[in-house]
Amino acid sequence: MNIRKVQKSDNKFLADLIREVFEEHNAPKEGTVYSDPTTDNLYELFKNKKSILWVVEENSEILGCCGIYPTDGLPNHCAELVKFYLVSKARGKKIGTKLMEQNIKSAIELGYSELYIESLSQFDRAVKMYKKLGFKNLEKPLGKSVHTSCNIWMIKKLLDE
């Protein structure tokens, strides 16, 4: 298994993967990353110097992605964990946990002290993993996300103050 930074050539596969996961879970398409135009250009989106998108692959086959992004409206010390999706055969094998650990490490290296997540109740397995990793539920969203259909908001403190 290899975790690497996103490449321009990953754009189409990752966009297709994200949309397939939404269809598989009957998740809302409007007001989510499914219909977000940036989903088709992730390499370009993550050129922001305070962001990173990691891609996990095995035997040159992409298994998923996950990244850190400074979503508008979040406090300066807080980034959003975004685009966390795995192909179905990669789930339940601790690949997502390793990818998440890489992102937490990257968030700290980028100077963030908190990570924020927006999710959907349809992704209950992922939400359980977030809770295991120390994310706590919030009552309302933070920042100015365009993903208005999300109904789960969580935050994790990365550094002890």
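Hey, for a label at S35 modelled as a point 7 Å past Cα toward Cβ, could you say which residues of segment 118-161 have their backbone N under 12 Å away? Once the point is set 7 Å along Cα→Cβ of S35, 147-150 turn out to lie under 12 Å by backbone N, inside segment 118-161.
Listed from fewest to most Cβ neighbours within 10 Å, the set S121, S113 follows the order S121, S113.
Computed on segment 2-157, with alpha-carbon pairs under 8 angstrom and 6+ residues apart, the relative contact order is 23 percent. Full extension of the chain between S121 and V146 gives 7.2 nm of extra length, using 0.36 nm per residue less the Cα-Cα distance. Take every Cα pair under 8 Å whose residues are at least 6 apart in sequence, average their separation, divide by the length of segment 1-85, and the relative contact order is 30 percent.
For the chain, set up a GNM with springs between Cα atoms under 10 Å and report which of G96, G67, G134 has the largest fluctuation. Maximum among the listed residues: G134. Treating each Cα of segment 1-147 as one equal point scatterer and applying the Debye formula with no solvent, the log10 of I(q)/I(0) at q = 0.09 Å⁻¹ comes out as -0.24. For segment 77-131 versus segment 4-63, the inter-centroid distance based on Cα atoms is 13 Å. Rounded to 0.05, the FRET efficiency of the L159 and K89 pair, given R0 = 30 Å and the Cβ-Cβ distance, is 0.30. Calculated mean residue ellipticity at 222 nm for the chain: -8000 deg cm²/dmol, from DSSP H runs with n ≥ 4 weighted as -39500 (n - 2.57), summed, divided by the residue count and rounded to 500.
Taking every DSSP beta bridge that has both ends in the chain, the antiparallel portion is near 90%.
Here, each number is a calculation from the coordinates, and none is a lab measurement. Quick caveat: nothing in here was measured; it's all calculated off a predicted structure. Note that we place each Cβ from the backbone using ideal geometry, even for glycine, and neighbour counts take in every protein chain shown.
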